[in-house]
Each structure stands twice: as C-alpha cells, then as structure tokens.
C-alpha cells in the first residue's frame, strides 16, 4: 500500500496511529517533531504525511511551509491533526488536504487517510 509519515510528539497517539495504519497494510514511519519529520522526508519516499499542529522544535505550520518550498515535497498530501478547530488551524496553517480534530476515532483516521491517498482529501 502506501508509506505514511506520522509527525507527532504524542508518543502514545503516534503508536496507535502506526498500529491502525499497519493493520490497513500501510508502511508507517514516525517522527517526534517537525525537524525530525523533515529529516525522515529526506531519507524515504513518502506517500502521505500525518502532521500534528503543535509540537516542540518545529511545529506543523513550519513543516508545511518547508514542504511547500521544496519541489520534491510540495506534492505530498498532508493531513493536519490538532485539538484546535479547523477554522483556527487554517488561519495559522495552509496547504493541508484534510483535517483530523483530536481526539479522533480510528475509523475517521482510516477513512481520512484512504481519501487523502486517493486524492480526495476528506
């Protein structure tokens, strides 16, 4: 299936996401902050990024800006995850194809990932 990069500083949540997506047949790579996420993007071909909004070192908006500035990374779809409401997240961050408000159900995660990989975002 697809290779998905999960960038989230909440270790427990990242593990749950990893297990759920691996159960769906995806390969999952994890990063604990935005800086490490950009390093992972330089190391491996990724089909989708699940990106936390609020993280130490480099936050989600910073990662998205860096990705959109790089021709190779610009086209990788990003699903933004945060406890903020979507309107607030959009004011501080643009360029994501789908949004997951924390906490979310695994079913919503799987559905959103499938749609983003298919090019439909939501």
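The values are calculated or read from the model by the stated rules, or taken from the named source; none is laboratory data. Keep in mind it's a predicted model, so treat the numbers as computed, not measured. Here the Cβ is made from the backbone with ideal geometry for all residues, glycine too, and neighbour counts use every protein chain on show.
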Please report, ordered by residue number, the helices (runs of 4 or more DSSP H) entirely within region 11-122 with at least 1 residues that are touching a residue at least 60 places away in the same chain (Cβ under 8 Å) and surrounded by 14 or more Cβ atoms within 10 Å (Cβ to Cβ). 11-23, 106-117
Out of everything in region 87-97 that is in contact with a helix residue (DSSP H, G or I) (Cβ under 9 Å, 6 or more places away or on another chain) and farther than 17 Å from residue 55 by Cα, what residue ends up being modelled with the highest pLDDT? 97
Across region 98-122, what is the number of residues that are in contact with a strand residue (DSSP E or B) (Cβ under 9 Å, 6 or more places away or on another chain) and modelled with pLDDT under 95? 3
